[in-house]
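Right, one structure below, let's go through it.
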Amino acid sequence: MADFLFFIIKNNYSFGQCYPLIPFVLQSNTFSGLFEGQNVITLQRVPSTNEYLKEELSKSTPLTEGTVIMAVDQYAGRGQKGTLWQSEPGKNLTFSMLLTPAFLDPKHQFMLTAAITLAVVHWLESVLGVVVKVKWPNDIYIGDKKIGGILIENILKGNQWKSAIVGIGINVNQTLFPDAIREHTTSVKQILHRDCQIPELLTDLCKQIGQAYFSLKAGRFETLLASYEQRLYRLGELHPFLVDGVKVAGVLDGVAETGRLRIDFNGHLVDFDIKEIAFVI
Ligand code: BTN
């Protein structure tokens, strides 16, 4: 860890604030303040905040739930399906939060994904004032452009959920993107036409995640899943998908409690995990 140039900004954030955005979160304001006073540790330069948090977890000193590792310059960020998450230094939100959802049966892992994803969606809508969608399972989309992504890594011990490393990357003040992704990528600045303060955005997003997390403890999975489904990019629309390298047209029908994506192919419902299907954008 010696090569991490370290400056620690102690940032007290409160999870007490409630945004009146979705029923799932609205029901949860009795959970106010449970995470109040947790630390945000800001690293100047780090390969990946998820990897850093994982390494810290393996050390003997326990980390408090809600701890956030934020990177100014994350130079080898990781995305879904082994992809890279590229981010211009100092321009974006790139952070990982530690959660210990031991209250959830590991068979309900997707419920954590849904809760975190919805928190990001509603926080971003409050920042941008435009509709935000989820490209299953947890890409954050504005129209046909990706503005952020989430990588949740779960650590299980036997049948017990030990911890979840919730990595979130949101394009904030970056306006130039690599050729390969430019056409389908956007940022907060490209929508608002002004720079935003990263620390303020982080504080508000953490509050929103706190609310969603404590709602999750109440176990209202049906409401949560329904809210998540409502936000799905291309829900109910006919589009091509890649299945085993073959393009097939189907209608996105919804998501199962397990998180599998359900597609309607001419009246036949088939469900897929993330390795089995890809969107054609
Ligand atoms: C994706 O869209 O594929 C997921 C992207 C997740 C990126 C974030 S940035 C902070 C955290 N650290 C990582 O290495 N990845 C996640």
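The values are calculated or read from the model by the stated rules, or taken from the named source; none is laboratory data. This structure is a prediction, so every number in the text was calculated from the model and none was measured. Using ideal geometry, Cβ is built from the backbone for each residue, glycine included, and neighbour counts are taken over all protein chains shown. We work out accessible area using only protein heavy atoms, side chains counted, and drop any ligands, DNA or RNA first. Shrake-Rupley method; radii C 1.70, N 1.55, O 1.52, S 1.80 Å.
Some observations on this one:
- Taking the numbered list (1) within 14 Å of the ligand (Cβ to nearest atom); (2) under 30 Å from residue 62 (Cα atoms) in turn, residue 162 passes all entries but (1).
- Residue 172 falls short on exactly one of the conditions (1) within 13 Å of the chain's Cα centre (by Cα); (2) open to solvent by less than 10 Å² (accessible area, probe 1.4 Å); (3) within 16 Å of the ligand (Cβ to nearest atom), and that condition is (1).
- Residue check for residue 122: closer than 30 Å to residue 159 by Cβ, open to solvent by less than 40 Å² (accessible area, probe 1.4 Å) and either within 12 Å of the ligand (Cβ to nearest atom) or not small (Gly, Ala, Ser) (or both): no
- Qualifying positions in the range 57-71 - crowded, with 18+ Cβ neighbours inside 10 Å and among the hydrophobic types (A, V, I, L, M, F, W, C): 68, 69, 70, 71
- With a requirement of 2 or more residues that are of a type in the set (D, E, K, R) and surrounded by 14 or more Cβ atoms within 10 Å (Cβ to Cβ), the strands (runs of 3 or more DSSP E) lying completely within the range 189-281 that satisfy it span 261-265.
- Hits in the range 118-150 (condition: under 20 Å from residue 278 (Cβ atoms) and acidic (Asp, Glu)): 139, 144
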